[in-house]
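The values are calculated or read from the model by the stated rules, or taken from the named source; none is laboratory data. Since this is a predicted model, take the numbers as computed values, not measurements. A quick note on method: Cβ atoms are made from the backbone with ideal geometry, for glycine too, and the neighbour counts reach across all protein chains shown.
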Amino acid sequence: MKNILPALITLLLFSCNTPKEGNTDYASLVNPLIGTDYKGNVYPGAQAPFGMVQLSPDNGQPGWDWIAGYFYPDSTIAGFSHTHLSGTGAGDLYDISFMPVTYPLKVADAPLGVHSMFSHEREECEAGYYKVHLDSYGIDVELTATERCGIQRYTYPTDTATVLINLGKATNWDATTETYITKVDDYTIEGYRYSNGWARKQQVYFRTRFSHPIATMQCDSIRIHAGTETKKVAGTTRFTFALDNDRQLTVVTALSGTGLEGAEKNLAAEAPDNNFDKFLKKTQDDWNSRLSRIKVKGGTHDEQVCFYTALYRTMIAPTLYCDVDGTYRGADGKNHKADGWENYSTFSLWDTFRAAHPLFTLTTPERVDDMVNSFIAFYGEHGRLPVWNMWGSETDMMIGYHSVPVIAEAYLKGFRGFDAEKALAACVATANSDEYRGIGLYKNLGYVPYDVVDPYNADNWAMSRTLEYAYDDYCIARMAEAMGHDSIATEFYRRAGNWRNQYNPATTFMQPRDSKGEFQPGFNPDEYTPHICESNAWHYMWSVQHDIDGLINHMGKEIFVQKLDSMFTYSPAENADLPIFSTGMIGQYAHGNEPSHHVAYLFNKTGEPEKTQKYVTQIMREMYRNTPDGLCGNEDCGQMSAWYIFSAMGFYPVDPVSGEYELGVPLFDEVSIELPDGKTFTILCHTERSEESQNEHNAKALCHSERSEESPKSHTQETARDSSVATFLQNDTARYRKAYLNGKRVEGTTITHSDIISGGVLDFR
């Protein structure tokens, strides 16, 4: 791609993080800089697993490339703020920004303002830790975090320290509406920042404790425009400190969405002292514990780094959103109490229902019930299940009601830590919100017409809405059927078939229709139109995850096969004006955006699993790399990474609520998944080749390449007796032959969730 020299430097830096034999430091195998260049839109800073705090550097520039606050090609840092979004493509948060400085200040015109230069040669990061040298001031900055607190350690060149806190700073979609800051005692300050942006009426409260007494405090006010009012609010506040001989200042900040009292409680509970190293160790121990739930062996070092970075990214969102006592600010603007569960927010559901949430049922099942309880609570406060919520606010970003598949999947996989009747009622009520985004028209016509203006949102996306609603309706039907609510199941199974109303046999594509039932004239499937969500008709052709067999029958198998082949071989015209989200292209397939994510696995349905394995391997190798530009599209709160984790293990949930996984091809010699009750599911990847093909294979192996001398050899049958084993025997085209589960031949190309969590031996020969 671009920026080759910095990428190589970063690659060399991280190649030193070699895992320790028998005691792997998984946190050191995480490279948070992956995806900070090109289209990943991620931040490199410090965070605890699913933590409320995302403490990370901001370059100080607005724009698409700086959506996450940080863009690798930049060379400035203008602050370290406590809230960020992971690869969403939406510019918001950046709350409670700190900047350590010395004089004279380095100041540029707005929007950059006070800043420092830095270089990547003096930048380090791994799971739970970030460090950088501020060249303009000679200050080393280190960051770590607990769930609700950010901990910073500044090392100054002199024994006099200055810290700036800019509560008025707003970037991209964010706009400050009100701020407050005050000194509590010689070591402590507190305050808040209110803002409007993507998160509406967001309120962030904070309490900060310094390791040294405050010598001076000076606050500047700024004028802001809040609606029809012009207000004076706290802008930049300057603090000075006299340091000890070590010239270090530790800054500990707790956040809350409920009030100053909540921030005070969170600080006392999670960070009662200023021991940076203690908090760093605790957070990295937590990361090591969670990352070690999936252990991989084999592959190259870079592949292991890509894998654990991806696993890390699946566990930084959604985010915890409640105080230590369970109090949280709800969607109704009132404080509520989560009793016996923890509230979560930042749900990018249009993306994450596909693979991230299915992965949670394997990697972090202890949080699944709480996420569903968070949905139910949100419904009670808002009147609809969340679409894309954060910090107690519904953003209404994207489409569908994709809380539904997450709830249904949890129930169908046996999770019972929530009120299923309340959950189902919330699903049904949300699916019947007639005034919301064309749902009433969808119910009456069997599709959303493209020629009716939606009064609620500016987007149209009519055709995509129909297909998304149909899938969600199917999920409701599955859950209702399992609960014995036959009438609800019947109704929603009927609605789940509405995808057929978007298929035009004349063009053999899903096609927008108007309110009279006429298909859109002048239709071109290559075009990106307002009626298709961030995609074209090629991408949404396959958005019938719940009824692929029905789609094949409806289209005719020959047409289905031809079109699926063309998806990967029919490339856009050289002069095509592709939108910013059409990245990671293979033909019309766009891995950089979510509607395409399951499509490579559909060759299994046509009797051509070797094509699934071919394209999945290509995507893993080309679209995920251990470089700053190593993500081909927005991370989208873990979905991009969850696809990689599943695919690298050798299977993928095309239809999450089915409980089935389509088989692909594993990336590593061995993958073992630690499950509850002491169970383990292990996937082994072996090769079976003639001597004549061995030399050629060593050069181009598709299972993995560049094996180091230290790479472990394949496990024996003795190992297989100790855990559930999936052994993949492949030829030189990465194609498996026969599969056996506990000695019995597996018919087809799927395994089930029960197969994985129950154990057994899956052997591909």
Legend entry - Unmet requirement for ARG200, which otherwise passes all of (1) free of Cβ contacts under 8 Å to residues at least 12 places away in the same chain; (2) part of a loop (DSSP other than H, G, I, E, B); (3) among the charged types (D, E, K, R): (1)
Legend entry - Selected residue (criterion: nearest to the chain's Cα centre (by Cα)) from residues of region 128-149 that are crowded, with 24+ Cβ neighbours inside 10 Å and under 15 Å from PHE50 (Cβ atoms): GLY128
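Test of understanding: among GLU435, GLU409, GLU421, which residue is part of a helix (DSSP H, G or I) and either in contact with a strand residue (DSSP E or B) (Cβ under 8 Å, 6 or more places away or on another chain) or farther than 21 Å from PHE347 by Cα (or both)?
Of the residues listed, the single one that is part of a helix (DSSP H, G or I) and either in contact with a strand residue (DSSP E or B) (Cβ under 8 Å, 6 or more places away or on another chain) or farther than 21 Å from PHE347 by Cα (or both) is GLU421.
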Inset, instruction - State which residue is nearest to LEU359 (Cα to Cα) when the search covers only region 388-407 and only residues that are in contact with an Asp or Glu (Cβ under 9 Å, 6 or more places away or on another chain) and among the aliphatic types (A, V, I, L, M). - result: VAL404
Legend entry - Filter result for the condition that a residue is crowded, with 20+ Cβ neighbours inside 10 Å and within 20 Å of the chain's Cα centre (by Cα), over THR258, THR319, THR237: THR319
Legend entry - Number of positions in region 743-758 that are farther than 19 Å from LEU359 by Cβ and either at pLDDT 90 or above or not basic (Lys, Arg) (or both): 5
Legend entry - Breaking point among (1) assigned to a loop (DSSP other than H, G, I, E, B); (2) under 19 Å from HIS597 (Cβ atoms), for GLY333: (2)
Inset, instruction - With respect to VAL368, determine if the residue is of a type in the set (Val, Ile, Thr), buried (at least 24 other Cβ atoms within 10 Å of the Cβ), under 20 Å from VAL657 (Cβ atoms) and in contact with a Ser or Thr (Cβ under 9 Å, 6 or more places away or on another chain). - result: no
Inset, instruction - Please tell me if ASN575 is touching a residue at least 12 places away in the same chain (Cβ under 8 Å), out of contact with any Pro (no Cβ under 9 Å at 6 or more places or on another chain), over 24 Å from TRP350 (Cβ atoms) and in the same structural domain as TYR442 (by TED's automatic domain parsing). - result: no
Inset, instruction - Restrict the check to region 329-337 and report whether at least one residue is farther than 15 Å from ASP636 by Cβ and aliphatic (A, V, I, L, M). - result: yes
Inset, instruction - Consider TYR205 carefully, then state whether it is surrounded by fewer than 19 Cβ atoms within 10 Å (Cβ to Cβ), hydroxyl-bearing (Ser, Thr, Tyr) and in contact with a Phe, Trp or Tyr (Cβ under 9 Å, 6 or more places away or on another chain). - result: no
Inset, instruction - Would you point out which residue out of ALA310, ALA269, ALA263 is surrounded by fewer than 19 Cβ atoms within 10 Å (Cβ to Cβ) and either out of contact with any helix residue (DSSP H, G or I) (no Cβ under 9 Å at 6 or more places or on another chain) or in a helix (DSSP H, G or I) (or both)? - result: ALA269
Legend entry - Within region 509-562, tally of residues that are in a helix (DSSP H, G or I) and either free of Cβ contacts under 8 Å to residues at least 60 places away in the same chain or over 18 Å from TYR474 (Cβ atoms) (or both): 16
Inset, instruction - Name, by its number, the condition in (1) at pLDDT 95 or above; (2) out of contact with any His (no Cβ under 6 Å at 6 or more places or on another chain); (3) part of a strand (DSSP E or B); (4) surrounded by fewer than 22 Cβ atoms within 10 Å (Cβ to Cβ) that does not hold for ARG223. - result: (1)
Inset, instruction - Determine if region 570-581 includes at least one residue that is part of a loop (DSSP other than H, G, I, E, B), at pLDDT below 95 and under 27 Å from TYR474 (Cβ atoms). - result: yes
Inset, instruction - Look through region 226-255, keep the residues that are without any contact (Cβ under 8 Å) to a residue 12 or more places away in the chain and in a strand (DSSP E or B), and return whichever of them is farthest from THR102 (Cα to Cα). - result: GLU229
Legend entry - Residues of region 149-184 satisfying the condition of being more than 24 Å from SER116 (Cα to Cα) and outside any strand (DSSP E or B): none
Inset, instruction - Name the one entry in GLU178, GLU190 that is at pLDDT 95 or above and in the same structural domain as GLY113 (by TED's automatic domain parsing). - result: GLU190
Inset, instruction - Report the residue count in region 84-110 for those that are touching a residue at least 60 places away in the same chain (Cβ under 8 Å) and touching a strand residue (DSSP E or B) at 6+ places or on another chain (Cβ under 7 Å). - result: 10
Inset, instruction - Looking only at region 456-497, count how many residues are without any contact (Cβ under 8 Å) to a residue 40 or more places away in the chain, touching a helix residue (DSSP H, G or I) at 6+ places or on another chain (Cβ under 8 Å) and under 20 Å from ILE532 (Cβ atoms). - result: 1
Inset, instruction - Please list, ordered by first then second residue, the pairs with beta carbon atoms under 6 Å, 6 or more apart or interchain, first in region 625-638 and on the phi < 0 side of the Ramachandran plot and crowded, with 24+ Cβ neighbours inside 10 Å, second part of a loop (DSSP other than H, G, I, E, B) and charged (D, E, K, R). - result: PRO628/ASP37; GLY633/LYS39
Legend entry - Only listed residue being of a type in the set (Phe, Trp, Tyr), in contact with a helix residue (DSSP H, G or I) (Cβ under 7 Å, 6 or more places away or on another chain) and surrounded by fewer than 24 Cβ atoms within 10 Å (Cβ to Cβ), chosen from PHE523, PHE568: PHE568
Legend entry - Check on THR102, more than 21 Å from ALA271 (Cα to Cα), among the hydroxyl-bearing types (Ser, Thr, Tyr) and assigned by TED's automatic domain parsing to the domain that holds PHE50: yes
Legend entry - Counted residues, region 226-249 - those being at pLDDT below 90 and touching a Cys at 6+ places or on another chain (Cβ under 8 Å): 2
Legend entry - Residues being touching a residue at least 60 places away in the same chain (Cβ under 8 Å) and exposed (fewer than 13 other Cβ atoms within 10 Å of the Cβ) - total across region 408-455: 1
